[in-house]
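Worksheet: the structure to be examined is printed underneath.
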Amino acid sequence: MDLKAVGQIAKTSFSSFRRLVNSGVSLFLYQPTGSEPEEYHKWYYNTFVWNKTKWLGVDTWKSVSDMWNYQEILSELKPSLIIEFGSNRGGSALFFAHVMQRLGHPFKVLSVDINHSILDPAAVNDPDILFVESSSSAPEIAEQIQRLKEEFPGKIFAILDSNHERDHVLAEMKLLRPLLASGDYLVVEDSCVNGHPVLPGWGPGPYEAIEAYEHEFPSDYAHDEGREQKFGFTFAPYGFLIRN
Ligand SMILES: C[S@@+](CC[C@H](N)C(=O)[O-])C[C@H]1O[C@@H](n2cnc3c(N)ncnc32)[C@H](O)[C@@H]1O
């Protein structure tokens, strides 16, 4: 190797080393003020990013970091039944079905909504999703879940994303009470409304439903705080619950 080549290697190594030190220092010096996640949450919610979010072309009214979190939960939990209250266009049901299809064992997604007239054909045509048009708090839904539990025994992942008023969410949580078993997962979505931290004037919503439920049944659920906090903000604050 001639001297010129040795010099070139030394120069490159030094510049890589300098880059590493400089960027390492910048990571070390970074001091979050603590308000970043809440500000980002407000920006994300109040500028309707969630309302323009799609899964493979189908409207999916979620925060994308929550979707990633759900993907991680599903791949670990490997549920055989997913219960979704609130379908809208069916984008979230389709997302759950696609993740589950890759996991490769038998499952069903039950997605319930009072109005299925706007479902996207891509969701309707997915053989692993069962769409049921009904109020999610109707007793027939509990019977339907019981039947699916027998057909698809195993863990359950349930997600509440329908009517975001406290009394309705509380009714949904009570409907699921005898149907969920230890280790099953429940996400109560849009607990961010009513000032947690968005839409401060909403009135009692999902967050208050969780509080009311836990007042009545304090030992039912453990809060999965690690997942709740993982991506800085979530549309389901206080709403990542694991059945005891
Ligand atoms: C926020 S959207 C669901 C969004 C969907 N999960 C997604 O991520 O794209 C709420 C849905 O709840 C439905 N809904 C409202 N009241 C309901 C009820 N009592 N039972 C079931 N669904 C209801 C609405 O029709 C609406 O489609």
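From the set of residues in the stretch 65-96 that are among the hydroxyl-bearing types (S, T, Y) and within 15 Å of the ligand (Cβ to nearest atom), which is nearest to F231 (Cα to Cα)?
Out of the qualifying residues, it is S65.
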Kindly indicate whether any position in the stretch 119-132 is in contact with a helix residue (DSSP H, G or I) (Cβ under 7 Å, 6 or more places away or on another chain) and under 23 Å from P218 (Cβ atoms).
no
For Y45, state whether it is under 20 Å from Q229 (Cβ atoms) and buried (at least 19 other Cβ atoms within 10 Å of the Cβ).
yes
In the stretch 110-134, anything over 21 Å from the mean Cα position of the chain (by Cα), small (G, A, S) and near the ligand (Cβ under 9 Å from one of its atoms) is listed as S134
Quick check on V25: is it modelled with pLDDT of 85 or more and either part of a helix (DSSP H, G or I) or in the same structural domain as L119 (by TED's automatic domain parsing) (or both)?
yes
Given the options G205, G183, name the one that is within 14 Å of the ligand (Cβ to nearest atom), in the same structural domain as K108 (by TED's automatic domain parsing) and touching a Lys or Arg at 6+ places or on another chain (Cβ under 8 Å).
G205
Please go through (1) within 17 Å of D184 (Cα to Cα); (2) touching a residue at least 12 places away in the same chain (Cβ under 8 Å) for E150 and return the number of the only condition it doesn't satisfy.
(2)
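The values are calculated or read from the model by the stated rules, or taken from the named source; none is laboratory data. Treat the numbers as computed from the prediction; the structure is a model and nothing was measured. No Cβ is skipped: glycine too gets one built from the backbone with ideal geometry, and neighbour counts run over all protein chains shown.
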